[in-house]
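**Student:** This is the structure I have questions about; it appears just below.
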Amino acid sequence: MKTTIRLALTVLSFLCLAAAGPKAQAVSPAPDGGYPGGNTAEGQAALLSLTTGGFNTAVGFLSLRSDTTGPYNTAVGAGALLANTADLNTATGAGSLLSNTTGSDNTANGGLALFSNITGYSNTATGAFALFSNTGGHQNTALGVGALFNNISGNGNTAAGINALLNNTTGNGNTVLGVAAGGGITTANNVICIGTDGNNVDNSCFIGNIFGSTSVNGVGVLVNSNGRLGTMTSSRRFKEEIKPMDQASEALFALKPVTFRYKKEIDRQRIPQFGLVAEDVEKVDPDLVARDEKGKPYSVRYDQVNAMLLNEFLKAHGKMEEQQRQIQALTVQLKEQAAQIQKVSARLEVGKPAPQMACLPAVAQREGGNNP
């Protein structure tokens, strides 16, 4: 980066020396303010080549040096809009939009901002070296020193922060916020990156200082197919047609949990996962599936599955409690029956005749025998 900046400054210095020769002239009379056609020039060689262009303002050495017919340009600073022939460009800062020729509707504020731009249009660069390398990219916005520094032909990018989207060259439609944010993006498109490097992956979003940051309270964040962030509420204030779930949760029994690994382009580590397949769940209950912007199954609404699991748990718990009550009642009944049996047994024992003891001599006499 330092080498590129040094080269740019060398080029600017060379141009200044070349224009400072004895043959160098500016518009006539010498620049001191207003000229016909609503033009204003102040500085050596400022608006030197102007012919019919109107409402231009050039303040500074070599500012708007090459403009002939381009109108509505404003250049403040040595070499600002030096090569410009187009219109509606604003450059503030030495060397800002120095290389621009036919690009229009550009705004560069800062030394060497949009320095290399040639044909790119509708770019806005605020900060020294912002969009420095851009040549043909258009509709980019860079805010911060070095923001979008290496962008060459990428379009529709927005970078806010010192060195934000520093390494992007041809990527389009990226939005980055934060100092040095988006450093991992070079050619990817439609990446949103806030406060972190991000990765060079199309249609992705990276937000720093979330992972590993513990929050003990709050609600989960959901994203719909339109990309809208929001939270789910459970308040009765936002609900209608409330009724018991009853048998609806029995659809769970038809689901088939699986183990799997995500494809390498999604998970390079290929970590084992546990869950459900959205297409399979759709066949069981379409309401349990979240869909993409095209209406195709995309994910499973696990929060709804959890609610159904709770319903089945409560139903099973209710059945267990009922069975427990029945067992307790049966136990009490058995105890009562046992007590009654015990009472009957006791009565039977009391009604039995008492046993009699036999005398041996008497028995012998009855038998007709005599004792010896």
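Readers should treat all values here as calculations from the given coordinates under stated rules, not as data from a laboratory. From a predicted model like this one, the values you see are computed outputs, not experimental measurements. All Cβ positions, even for glycine, are placed from backbone atoms using ideal geometry, and neighbour counts span all protein chains on display.
**Student:** For the stretch 157-171 and the stretch 257-283, compute the distance between their C-alpha centroids and round to whole Å.
**Tutor:** 34
**Student:** Rank the residues L252, L177, L166, L314 as a footprinting-exposure proxy: fewest other Cβ atoms within 10 Å of their Cβ go first.
**Tutor:** Numbers: L252 15, L177 20, L166 23, L314 12.
Sorted ascending by nearby Cβ count, the order is L314, L252, L177, L166.
**Student:** With no solvent and one point on each alpha carbon, what is the Debye value of log10 I(q)/I(0) for the stretch 106-197 at q = 0.23 Å⁻¹?
**Tutor:** Each listed q maps to, in turn, -0.95.
**Student:** If you don't mind, another one. How do R291, R268, R261 line up, fewest other C-beta atoms within 10 Å first? Mind showing how you got there, number by number?
**Tutor:** Working: R291 15, R268 9, R261 12.
Going from sparsest to densest Cβ surroundings: R268, R261, R291.
**Student:** If amide hydrogens are placed 1.01 Å from N in the peptide plane, which non-local residues have theirs closer than 5 Å to the one on C205?
**Tutor:** Residues meeting the amide H criterion: I192.
**Student:** Out of every Cα-Cα pair in the chain, what percent are more than 39 Å apart? The partial results should precede the final answer.
**Tutor:** Numbers: 36321 of 69006 pairs.
Every Cα pair in the chain considered, those over 39 Å come to 53 percent.
**Student:** Per residue, what volume in Å³ does the convex hull of the Cα atoms of the stretch 199-329 enclose? If you can, show how the numbers build up before the last one.
**Tutor:** Working: hull volume 27.9 nm³, N = 131.
Spread over its residues, the Cα hull of the stretch 199-329 gives 213 Å³ apiece.
**Student:** Further, regarding this structure: Expected output is a single nm value to one decimal: the length gained when fully extending between D280 and R261, i.e. 0.36 nm times separation in residues minus the C-alpha distance. What is it? Before the final figure, lay out the partial values.
**Tutor:** Numbers: separation 19, 0.36 × 19 = 6.84 nm, distance 1.67 nm.
Stretched fully, the D280-R261 segment lengthens by 5.2 nm.
**Student:** Show me 277-284, 324-331, 344-351 ranked by packing, highest mean number of other Cβ atoms within 10 Å first. If you can, show how the numbers build up before the last one.
**Tutor:** Numbers: 277-284: 15.9, 324-331: 10.0, 344-351: 8.1.
Going by the mean number of other Cβ atoms within 10 Å, highest first, we get 277-284, 324-331, 344-351.
**Student:** To the nearest 10 degrees, how steep is helix 2-19 against the longest Cα principal axis of the chain, on a 0 to 90 scale?
**Tutor:** Around 20 degrees separate the two axes.
**Student:** So if R0 is 45 Å, what FRET efficiency would V219 and K335 give, r being the distance between their Cβ atoms, rounded to the nearest 0.05? Walk me through the numbers before you get to the answer.
**Tutor:** Working: r = 52 Å, r/R0 = 1.15.
That pair, V219 with K335, gives E of 0.30.
**Student:** Which ³J(HN,Hα) values, rounded to whole Hz and listed in residue order, are derived for the stretch 81-90 from phi using the Karplus coefficients 6.51, -1.76 and 1.60 in 6.51 cos²θ - 1.76 cosθ + 1.60 with θ = phi - 60°, glycine and proline given as x?
**Tutor:** For the stretch 81-90, the Karplus-derived couplings read 6, 4, 9, 5, 10, 9, 10, 6, 9, 10 Hz, x marking Gly and Pro.
**Student:** If you don't mind, there's one more thing I want to ask. Quick one: putting +1 on the C-beta of Lys and Arg, -1 on the C-beta of Asp and Glu, what dipole do you get for the chain around its Cα centre, in Debye to the nearest 20? Each step should come with its number before you reach the end.
**Tutor:** On the way: 28 positive and 27 negative charges, 232 e Å.
So the dipole magnitude of the chain works out to roughly 1120 debye.
**Student:** Just the number, please: percent antiparallel of the DSSP beta bridges in the chain, rounded to the nearest 5.
**Tutor:** Working: 12 of 42 bridges.
So the antiparallel bridges in the chain amount to around 30 percent.
**Student:** Could you check what % of the DSSP bridge pairs in the stretch 182-299 are antiparallel, to the nearest 5? Write down the numbers at each step before the final one.
**Tutor:** Working: 8 of 11 bridges.
That works out to approximately 75 percent antiparallel.
**Student:** How many nm is it between the label spots at K319 and T68, if each spot is 7 Å from the Cα in line with the beta carbon?
**Tutor:** So the label points at K319 and T68 sit 9.1 nm apart.
**Student:** Could you order peptides 157-163, 147-153 by the average number of other Cβ atoms within 10 Å of their residues, highest first? Mind dumping the intermediate values first?
**Tutor:** Numbers: 157-163: 23.7, 147-153: 25.4.
Per-residue mean Cβ counts within 10 Å order the peptides as 147-153, 157-163.
**Student:** Report, by chain and number, residues whose modeled amide H sits under 5 Å from the one on A58, excluding near sequence neighbours (fewer than 5 apart, same chain).
**Tutor:** T40, A41, E42, A75
**Student:** At R0 = 41 Å, how high is the FRET efficiency between F211 and I327 if r is their beta carbon distance? Nearest 0.05 is fine.
**Tutor:** On the way: r = 50 Å, r/R0 = 1.23.
The value I calculate is 0.20.
**Student:** As a test of the formula, what do you get for the chain when each DSSP H run with n ≥ 4 contributes -39,500 (n - 2.57) and the sum is divided by the residue count, at 222 nm and rounded to the nearest 500 deg cm²/dmol? Intermediate results must be reported in sequence, preceding the final value.
**Tutor:** Details: 4 runs with 82 residues, N = 372.
Computed mean residue ellipticity for the chain: -7500 deg cm²/dmol.
**Student:** Ordered by residue, what ³J(HN,Hα) values in Hz, to whole numbers, does the stretch 150-164 give under the Karplus form 6.51 cos²θ - 1.76 cosθ + 1.60, where θ = phi - 60° and Gly and Pro are x?
**Tutor:** 9, 4, 10, 9, x, 10, x, 9, 10, 10, 10, x, 4, 6, 5
**Student:** Can you work out the Karplus-derived ³J(HN,Hα) for every residue in the stretch 204-217? Use 6.51 cos²θ - 1.76 cosθ + 1.60 with θ = phi - 60°, whole Hz, and x for glycine or proline.
**Tutor:** Karplus values, whole Hz, x for Gly and Pro: 10, 9, 10, 10, x, 6, 10, 4, x, 9, 7, 10, 7, 9.
**Student:** Between T124 and residues 5 or more places away or on another chain, which pairs have amide H atoms under 5 Å apart, with H built 1.01 Å from N, and which residues are they?
**Tutor:** Under 5 Å from the amide H of T124: T107, N140, T141, A142.
**Student:** Specify the angular offset, from 0 to 90 degrees and rounded to the nearest 10, of the alpha carbon long axis of helix 302-351 from the longest principal axis of the alpha carbons in the chain.
**Tutor:** Rounded to the nearest ten degrees, it is 10.
**Student:** In percent, what relative contact order does the chain have, based on Cα pairs under 8 Å that are 6 or more apart in sequence? Intermediate results must be reported in sequence, preceding the final value.
**Tutor:** Values: 832 pairs, mean separation 17.4, N = 372.
About 5 percent, as a whole number.
**Student:** Can you grab the distance from the C-alpha centre of the stretch 66-104 to the C-alpha centre of the stretch 137-154, Å, no decimals?
**Tutor:** 18
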